[in-house]
Protein chains: 2
Amino acid sequence: MTITTTAGPGPAGWSLDCYLVTDRALCAGRGLEATVAAAVAGGATVVQLRDPHASGRQLFDLATGLLQCLEGTGVPLFVDDRLDVALAAGAHGVHLGQADLPVAAARRLAGPDLVIGWSVHDLAELEAATRLPPGTVDYLGFGPVYPTTTKTDAKEPLGLDRLARLVAASPLPAVAIGGITVARAAAVWATGVDGLAVVSAVCAADDPGAAASAIRAARSAGRR
Amino acid sequence: MTITTTAGPGPAGWSLDCYLVTDRALCAGRGLEATVAAAVAGGATVVQLRDPHASGRQLFDLATGLLQCLEGTGVPLFVDDRLDVALAAGAHGVHLGQADLPVAAARRLAGPDLVIGWSVHDLAELEAATRLPPGTVDYLGFGPVYPTTTKTDAKEPLGLDRLARLVAASPLPAVAIGGITVARAAAVWATGVDGLAVVSAVCAADDPGAAASAIRAARSAGRR
């Protein structure tokens with residue numbers, strides 16, 4: 001598939017602009033699907049289902065529900081870690097960490113069309129990503145940018161300078177993640193990244209749609 | 001694939017006779033691969049890699065190592081829960097619980113050749129298994145027969161009488177699991193089950209090969 005790095009989802013591909021990573025606990029008040037629907041209405045361009053404590057069956061049911069919820073929006077659903085769930089549910093992509101299934105094996109199993117994202121934390125991991133055969137991975141996730149509370153096994157925060165160096169060296173579209181808030185969004189956009197991934201900034205917002213919209217609007221502010 | 005319910009692995013299929021479920025902690029003393037190799041040399045006919053705390057990458061690496069270890073033995077490797085790992089590593093099967101990926105979705109993704117086993121705990125679940133389209137599931141796992149310490153989320157033990165009723169009603173080859181020891185093996189065989197699944201009885205044995213051999217030998221005792 002083609003990932004556009006310009007604004008807005010469209011028939012040519014999807015935009016990584018505002019990449020919502022779900023957290024069921026943070027969405028508990030209004031519900032996962034209502035939160036996602038509001039975020040997408042406000043401008044979220046990708047939804048990643050992440051729920052490391054869910055069983056395979058729960059994750060499959062959540063993915064199936066979110067796919068129905070996203071139908072007709074042009075916004076793709078990616079599943080964190082579980083390639084089997086992504087493929088079985090008919091999701092559009094999978095996001096893999098360094099501790100997940102090796103990306104080359106995942107690509108062989110997934111075929112050419114599924115989007116595969118890969119988390120990268122430092123230059124050594126970026127170099128490994130650069131050495132992959134073309135088409136193995138579609139985009140990279142860089143983080144955590146800031147300290148994060150939604151991922152218990154997160155590494156040391158990169159900060160903006162190291163993020164900017166990774167983005168500059170990345171051969172692939174890059175999404176920044178980790179502690180990104182509406183207030184911090186412009187500074188993260190200024191690193192040149194192709195998208196901002198947010199968890200609590202949208203899931204825990206009073207108005208997830210307004211938060212998603214503000215994350216995207218900060219892009220122009222970050223480029224001034 | 002064909003599962004034979006007669007003794008011994010062979011070109012016509014595999015036997016469920018002595019179905020070893022791995023537990024890395026219990027194998028820690030001698031190592032997982034050495035334990036599996038010894039068990040297979042003694043007569044284990046199936047190996048299931050189960051490691052619910054392993055990451056996708058760890059599980060993939062463990063599966064790859066065990067497949068090399070099993071090469072040429074005729075003994076298949078099944079992976080617990082993670083269909084993606086089973087397929088990516090080239091394992092022969094996957095074992096799914098009721099909380100794992102739905103078996104119909106798993107079969108669609110896996111294609112016809114991968115062995116799919118399914119855990120069943122009561123008559124209602126057995127009836128659900130009976131209603132599946134033929135070829136969805138290849139064998140059933142019934143348990144726990146006895147209280148077990150190697151599975152923290154195990155249900156109430158079935159006991160031998162309920163196990164025997166499930167086996168009698170099962171349209172598919174059935175493996176019993178849960179607290180089965182060499183001493184208990186003949187009594188479990190007497191229920192008419194097609195195979196005994198063992199974890200600590202083999203993984204924690206001083207001599208895993210002798211334990212596997214004794215599990216199989218008890219079959220004739222159980223039929224007296």
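Normalised by the residues of chain B, what does the relative contact order come to in percent, with Cα pairs under 8 Å and at least six apart? With pairs under 8 Å counted, the relative contact order is 21 percent. Dipole check for segment A:18-222: with +1 at the C-beta of Lys and Arg, -1 at the C-beta of Asp and Glu, and the Cα centre as origin, the magnitude is about 220 Debye. Label zone of A:A187 (point 7 Å out along Cα→Cβ, amide N under 19 Å): in segment A:193-224 this covers A:193-202, A:214-224. Partner shielding of B:52-61 amounts to 4, given as the average count of beta-carbon atoms from other chains within 10 Å of each residue beta-carbon. Restricting the calculation to alpha carbons of segment A:112-163 gives Rg and Dmax of 12.4, 34 angstrom.
When both bridge partners sit in chain B, DSSP labels roughly 5% of those beta bridges antiparallel. Extension gain for A:A34 to A:L132 (0.36 nm times residue separation, less C-alpha to C-alpha distance): 31.5 nm. For peptide A:95-107, the mean count of partner chain Cβ atoms within 10 Å of a residue's Cβ comes to 4.
For segment A:18-222, the residue among A:P147, A:G29, A:A91 whose Cα projects farthest onto the positive side of the dipole built from Cβ charges is A:P147.
Placing a label point 7 Å from the Cα of A:T152 along the Cα-to-Cβ direction, the residues of segment A:74-112 with a backbone N closer than 19 Å are A:80-82, A:97-100.
List the residues of segment A:41-63 whose backbone N lies under 17 Å from a point placed 7 Å from the Cα of A:E71 along the Cα-to-Cβ direction. Label zone hits: A:61-63.
Per-residue 3J(HN,Hα) values for segment B:179-189, derived from phi via the Karplus relation 6.51 cos²θ - 1.76 cosθ + 1.60 with θ = phi - 60°, read x, 7, 10, 4, 5, 8, 4, 4, 5, 6, 4 Hz in sequence order (x marks Gly and Pro).
Annotation: amide H-H contacts under 5 Å for B:V79 (H modelled 1.01 Å from N, sequence separation of 5 or more, or interchain): B:L49, B:G93, B:V94, B:H95.
Distances between copies of A:P52, taken at a point 7 Å out from Cα along the Cα→Cβ vector and listed shortest first: 1.7 nm.
Springs join every pair of Cα atoms under 10 Å in this Gaussian network model of chain A, and among A:P173, A:P144, A:P102 the largest mean-square fluctuation is at A:P102.
For segment A:170-221, relative contact order (Cα pairs under 8 Å, six or more residues apart, normalised by length) works out to 39 percent. For the rotational copy pair A/B, the chain A residue whose Cβ lies nearest the symmetry axis, together with its distance in Å, is A:D84, 2.
Counting only protein heavy atoms and a 1.4 Å probe, chain A has 40 square angstrom of accessible area per residue. Which shape class, rounded, prolate or oblate, goes with segment B:18-222 when its Cα gyration tensor gives a ≥ b ≥ c as root eigenvalues, a/c under 1.5 marks rounded, and past that a/b bigger than b/c marks prolate? Cα axes put segment B:18-222 in the oblate bin. Taking both sides together, the accessible area buried where A meets B is about 1600 Å² for a 1.4 Å probe. Under a Gaussian network description of chain B, with springs only between Cα atoms under 10 Å, the residue in B:C27, B:C203, B:C69 that fluctuates furthest is B:C69. Can you pull the one-decimal nm distance between simple spin-label points at B:A217 and A:A99, each 7 Å off the Cα toward Cβ? About 4.3 nm, to one decimal. Mind telling me which of A:D153, A:D81, A:D194 comes out most flexible in a GNM of chain A, alpha-carbon contacts under 10 Å? Residue with maximal mean-square fluctuation among A:D153, A:D81, A:D194: A:D153.
The values are calculated or read from the model by the stated rules, or taken from the named source; none is laboratory data. On a predicted model such as this, the values are computed, not experimentally measured, just so you know. So basically every Cβ, Gly included, is an ideal-geometry build from the backbone, and we count neighbours across all protein chains shown. In case anyone asks, the SASA skips ligands and DNA or RNA and just uses the protein heavy atoms, side chains included. Shrake-Rupley method; radii C 1.70, N 1.55, O 1.52, S 1.80 Å.
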